[in-house]
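Below is one structure, written out as structure tokens; comments come after it.
The values are calculated or read from the model by the stated rules, or taken from the named source; none is laboratory data. What you see is a predicted model, and the numbers here were worked out from it, not measured in a lab. Here the Cβ is made from the backbone with ideal geometry for all residues, glycine too, and neighbour counts use every protein chain on show. The protein model used for the area step is the full one, side chains on, heavy atoms only, and it has no ligands, DNA or RNA in it. Shrake-Rupley method; radii C 1.70, N 1.55, O 1.52, S 1.80 Å.
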Amino acid sequence: MKFFIITKKQIMLCLSLAVAVIAVGVGSVFTFADTNRQLPIYCVETDKKQIAISFDAAWGNDDTETLINILKEYDVPATFFVVGAWVDKYPESVKALSDAGHQIQNHSNTHPYMTSLSKQQMCDEINCCNRKIESITGKCPTLFRPPYGDYDNAVVETANGLNMYPIQWSVDSLDWRENATAESIANRVISKVTNGSIILCHNDAEHTPEALPTILDTLKKDGYEFVFISDLIMKKNYEIDSTGKQCKCK
């Protein structure tokens, strides 16, 4: 019977080799994922104190007129991402938003999880909503926000292929939460805004109309200029970093 004696030095060598192999493997996986991951625009790198506020409209409509009035009072342009089914149900609100000078952008036609769809279905969702918006406003959307913030490479690539910029957000008001208050919404937004931020709100959240004046007044006094998302983002010579920030090409 033979015995193999393994020295401490041999054990350490084996462990070192194992760790090296694992590290290379893990590094390769993460490098591959990062290199190939496609991201929407979450925010924009800019020296200017410019920000954009957006509202998603998918379900209710009780507060849309109130929001229009508040935005007018503070002279703030907003970007509204609307669902095609919402356009069908409230065409007069779509026109009112457009007539008030706000931009109407694409939030899909039926508010599905886009990652569950085929590429053709994604195209249908985006194109159908575009047609509905353009038929009322006379302007075809150029921005697309995936419902639920749900996206993958195929969603981003499909939007890009339709000559649309996929858009997320960097500041979530969380105005949709049941325990949200006007104070918590305002404090959250104000505390998180930086140059190039894209703010997410909803047109039918209970306390958003109450929180909005504080948000707009405070940020304007802090020197921020509100612009449309389409004016905030770069249209060429840009890259998107691993956090979703749109930056000038180095």
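Scanning the stretch 83-95 for residues that are of a type outside the set (Asp, Glu), closer than 21 Å to Phe226 by Cα, in a loop (DSSP other than H, G, I, E, B) and touching a residue at least 12 places away in the same chain (Cβ under 8 Å) turns up nothing.
Reported count of residues in the stretch 51-82, each being open to solvent by 10 Å² or more (accessible area, probe 1.4 Å), over 13 Å from Asp204 (Cβ atoms) and assigned to a helix (DSSP H, G or I), is 5. The single condition among (1) open to solvent by 60 Å² or more (accessible area, probe 1.4 Å); (2) closer than 20 Å to Ser242 by Cα that Val155 does not meet is (1). If you go through the stretch 107-130 and keep only what is open to solvent by 60 Å² or more (accessible area, probe 1.4 Å), in a loop (DSSP other than H, G, I, E, B) and farther than 14 Å from Val87 by Cα, you end up with just Tyr113.
The one condition from (1) open to solvent by 10 Å² or more (accessible area, probe 1.4 Å); (2) part of a helix (DSSP H, G or I); (3) not charged (D, E, K, R) that Ile104 does not meet is (2).
Taking the conditions (1) more than 21 Å from Gln38 (Cα to Cα); (2) in contact (Cβ under 8 Å) with a residue 24 or more places away in the chain; (3) open to solvent by 30 Å² or more (accessible area, probe 1.4 Å); (4) of a type outside the set (D, E, K, R) in turn, Trp169 satisfies each one other than (1). Would you mind stating whether Ser173 is closer than 21 Å to Asn61 by Cβ and within 15 Å of the chain's Cα centre (by Cα)? Yes, satisfied.
Residue-by-condition table, conditions (1) of a type in the set (Phe, Trp, Tyr); (2) surrounded by fewer than 16 Cβ atoms within 10 Å (Cβ to Cβ); (3) assigned to a helix (DSSP H, G or I):
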residue: Glu206; (1), (2), (3): no, no, no
residue: Thr214; (1), (2), (3): no, no, yes
residue: Thr218; (1), (2), (3): no, yes, yes
residue: Gly223; (1), (2), (3): no, yes, no
residue: Ser230; (1), (2), (3): no, no, yes
residue: Glu239; (1), (2), (3): no, yes, no
residue: Ser242; (1), (2), (3): no, yes, no
residue: Gln246; (1), (2), (3): no, no, no
residue: Lys250; (1), (2), (3): no, yes, no
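Scanning for something farther than 20 Å from Thr243 by Cα, open to solvent by less than 40 Å² (accessible area, probe 1.4 Å), part of a helix (DSSP H, G or I) and in contact with a Ser or Thr (Cβ under 8 Å, 6 or more places away or on another chain), does the stretch 131-143 turn up at least one residue? Within the stretch 131-143, one or more residues are farther than 20 Å from Thr243 by Cα, open to solvent by less than 40 Å² (accessible area, probe 1.4 Å), part of a helix (DSSP H, G or I) and in contact with a Ser or Thr (Cβ under 8 Å, 6 or more places away or on another chain).
A quick yes/no check of all residues on (1) under 22 Å from His107 (Cβ atoms); (2) at pLDDT 95 or above; (3) aliphatic (A, V, I, L, M); (4) touching an Asp or Glu at 6+ places or on another chain (Cβ under 7 Å):
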position	(1), (2), (3), (4)
Ile167	yes, yes, yes, no
Arg177	yes, yes, no, no
Glu183	no, yes, no, no
Ser191	no, yes, no, no
Thr194	no, yes, no, no
Asn203	yes, yes, no, yes
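Selection of the stretch 203-247 for residues being among the aromatic types (Phe, Trp, Tyr) and touching a residue at least 12 places away in the same chain (Cβ under 8 Å) yields Tyr224, Phe226, Phe228. Which of the following residues is in contact (Cβ under 8 Å) with a residue 12 or more places away in the chain, out of contact with any helix residue (DSSP H, G or I) (no Cβ under 7 Å at 6 or more places or on another chain) and either open to solvent by 10 Å² or more (accessible area, probe 1.4 Å) or assigned to a strand (DSSP E or B) (or both): Asn163, Asn187? On inspection, the qualifying residue turns out to be Asn163.
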